[in-house]
Amino acid sequence: MSARAVTLTFLGAAGTVTGSKYLLTVGERQVLVDAGVFQGEKRWRLRNWDAFPVDPATISDVVVTHAHTDHIGYLPALVARGFGGPVWLTEGSARIGEIVLRDAGKLQVEAAEEARRGGWSRHRDPRPLFDLADVERTLPLLRTVGFEADVDLGDGLVGRWVRAGHILGSASVRLEVDDSSVLFSGDLGRHDHPILKPRGTPRGARYVVCESTYGDREHPEPEVEHEVMSSAIVRTLARGGLVVIPAFAVDRTQGVLKVLVTMMREGRIPEVPVAVDSPMALKVLDVYRDESLGELRDDVDVDDFTGMPTLIEAASSQESRALNGRFEPMIIVASSGMAEGGRVLHHLARLLPDRRNTVILTGFQAAGTRGRALQEGAGSVKINGRYIRVRAEIVRDDEFSVHGDASDLMDWLRSLEPGPETVFVTHGEPEVAARFAARVGEELDRTAVVPRYGEVVSLA
């Protein structure tokens, strides 16, 4: 029997940071690794609406590294277009994925309706990419797997999920079939996550697909952690302002809460009310509170990220509206982290024009997002069809990232045994991916390339 052809097609996270999708073809079988939506620049977001390069009904399985939107958020669109196979992921990713997808479906429908009412869409009848019915048809397809165990995916394909230390449930995934093997890094965390167990070391593979989000930089290691944030909070509260922290609902909100609890315990910031205004973040917080998942570090308990004097959990829209009527000093943590949607937009629209207030950015801001515009000093930003003047102080705390920096990524690659024959550098802005690929080639003496969007390579 002749060996089957094995190819990999880069359908996302190639030429950009978002939209992770890799199509592994083994003979006639097609397996999609990650199913993320494109975010950020409009030219990439528009690709979410393009016809999928292959008929989704012909995809046998989807393999998921973790439950961030840019890795899982396209799943309901695939289902709407005919996909009906199993989706393989860890228990933690399944728990968070259910929350992420339901929230995404809700936001899709709301955005289409707001565009219709506001009249700012180019389309006469704006439609969502997918709706809640598509999400509910997706969730029964989820199949959970454990860490550090070989999983028979049928037809000779074996998968293995190893902790990636990025968010709860995140993994690097190694797939092996016939005489070929490929390891997908997923999004790699740093050596030590502030809340979760650290990343593991997977078995090496002939081919490695490695992310490069921070492939050209090193994370700061200051003597006093998060001094930028604590100073900004003290400054803002002293002048009678409010602090708004746009934060990703998954992991970042929980990490921000842990830092705020620590600062209050150490007396570095006043014990003011902290509001989490994000139904999705609160649902994810409940998953992080579930110690039965075995995801928390041995030296961390739930009180370390929830044990502040006044924690306001604004789950309902009524509770969120009540926050809009409060003007006393407080801290509001709301999603989304790049200020592209969610309740943070209403807080920004209200608070950005006032110089007493402060916005603290806590994560990577992709090109084309409102967060990037604020980071780069924009004088105004467009929110729900209206331009809002930016007078508030804008602060960036670079210490929150749970993406590994360049050294973290290199350490992960060095740890692989056996070492890879080829490293495909993805999930980075073009110039960043190119720099990281050059470093891999020089320091590890491996073939390292930055694949183009739509490029097909042979793994046989």
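Taken together, the values in this text are just the output of simple stated rules run on the coordinates, not laboratory data. Predicted, not measured: the structure shown is a model, and the values here were computed from it. A quick note on method: Cβ atoms are made from the backbone with ideal geometry, for glycine too, and the neighbour counts reach across all protein chains shown.
Among the trypsin sites (Lys or Arg not before Pro) in the stretch 385-460, which ones are in a DSSP loop with at most 12 other Cβ atoms within 10 Å of the Cβ? Mind listing them?
Working: sites: ARG386, ARG389, ARG391, ARG396, ARG414, ARG435, ARG439, ARG446, ARG452; in loops: ARG391, ARG446, ARG452.
Hits after loop and neighbour filter: ARG452.
Can you compute the helix-only [θ] at 222 nm over the chain? Use -39500 (n - 2.57) per DSSP H run of at least 4 residues, normalise by all residues, nearest 500 deg cm²/dmol. Walk me through the intermediate numbers first.
Values: 14 runs with 138 residues, N = 460.
Value at 222 nm, helices only: -9000 deg cm²/dmol.
For the stretch 227-396, which semi-axes, largest first and in whole Å, follow from the square roots of 5 times the eigenvalues of its Cα gyration tensor? Walk me through the numbers on the way to the answer.
Numbers: eigenvalues 126, 63, 46 Å².
Here the semi-axes work out to 25, 18, 15 Å.
Longer than 31 Å from Cα to Cα, which of LYS42/LYS258; LYS42/LYS197; LYS197/LYS283 are they? Say none if no pair is.
LYS42/LYS258; LYS42/LYS197
Looking at the stretch 221-283, which GluC sites (Glu not before Pro) are in a loop (DSSP not H, G, I, E or B) and have at most 16 other Cβ atoms within 10 Å?
Values: sites: GLU223, GLU225, GLU227, GLU266, GLU271; in loops: GLU223, GLU225, GLU271.
Taking the stretch 221-283 and a limit of 16 other Cβ atoms within 10 Å, the loop GluC sites (Glu not before Pro) found are GLU223, GLU271.
Full-extension gain between THR144 and LEU132, please, as 0.36 nm times their residue separation minus the C-alpha to C-alpha distance.
Values: separation 12, 0.36 × 12 = 4.32 nm, distance 2.19 nm.
Stretched out fully, the THR144 to LEU132 stretch lengthens by 2.1 nm.
Name the residue from GLY189, VAL457, THR253 whose Cα lies farthest towards the positive end of the charge dipole of the chain, charges +1 on Cβ of Lys and Arg and -1 on Cβ of Asp and Glu.
THR253
Output the peptides 283-290, 48-55 sorted from most to least packed, where packing is the average of other Cβ atoms within 10 Å over each peptide's residues.
The packing order, highest mean first, is 283-290, 48-55.
Angle check, please: helix 252-266 long axis (alpha carbons) against the longest principal axis of the chain (alpha carbons), in degrees 0 to 90, nearest 10.
50 degrees
With everything on Cα atoms, drop me the angle between helix 430-444 and the longest principal axis of the chain, reported from 0 to 90° to the nearest 10.
The answer is roughly 60 degrees.
Near ASP216, within a Cβ-to-Cβ distance under 11 Å, what is the net charge of the other residues, with Lys and Arg +1 and Asp and Glu -1?
Its environment carries a net charge of -1.
Once the piece of chain linking GLU221 and ARG203 is laid out straight, how much longer is it, given 0.36 nm per residue of separation minus the C-alpha distance between them?
Between GLU221 and ARG203, full extension yields an extra 3.5 nm.
Give me the net charge of ALA205's neighbourhood, meaning all other residues with Cβ under 14 Å from the Cβ of ALA205; Lys, Arg count +1, Asp, Glu -1.
-1
Could you give the angle, 0 to 90 degrees to the nearest 10, between helix 406-415's Cα long axis and the longest principal axis of the Cα atoms of the chain?
The angle comes out at about 30 degrees.
Using +1 on the beta carbon of Lys and Arg, -1 on that of Asp and Glu, and nothing else charged, what's the dipole of the chain about the Cα centre, debye to 20? Please report the intermediate quantities before stating the final value.
On the way: 54 positive and 67 negative charges, 440 e Å.
In debye, rounded to 20, the chain gives about 2120.
Select from the stretch 339-368 those trypsin sites (Lys or Arg not before Pro) which occupy a DSSP coil region and have at most 14 other Cβ atoms within 10 Å, ordered by residue number.
Details: sites: ARG343, ARG350, ARG355, ARG356; in loops: ARG343, ARG355, ARG356.
Within the stretch 339-368, the qualifying trypsin sites (Lys or Arg not before Pro) (loop, at most 14 other Cβ atoms within 10 Å) are ARG355.
Just to be sure I understand the model, the point goes 7 Å from the Cα along the line to the Cβ. What's the resulting SER415 to VAL302 distance in nm?
Distance between the two pseudo-spin positions: 2.9 nm.
Run through all the Cα pairs of the stretch 358-435 and give the fraction in each 5 Å bin from 0, expressed as whole percent.
Going from the shortest bin to the longest, the percentages are 3, 11, 17, 19, 14, 10, 10, 7, 5, 3, 1.
Could you point to the residue in VAL162, ASN384, LEU282 farthest towards the positive end of the chain's charge dipole, with +1 and -1 charges on the Cβ of Lys/Arg and Asp/Glu respectively?
It is ASN384.
Dipole of the stretch 227-396, Cα-centred, from +1 at each Lys and Arg C-beta and -1 at each Asp and Glu C-beta, to the nearest 20 debye?
Dipole of the stretch 227-396, to the nearest 20 debye: 1280 debye.
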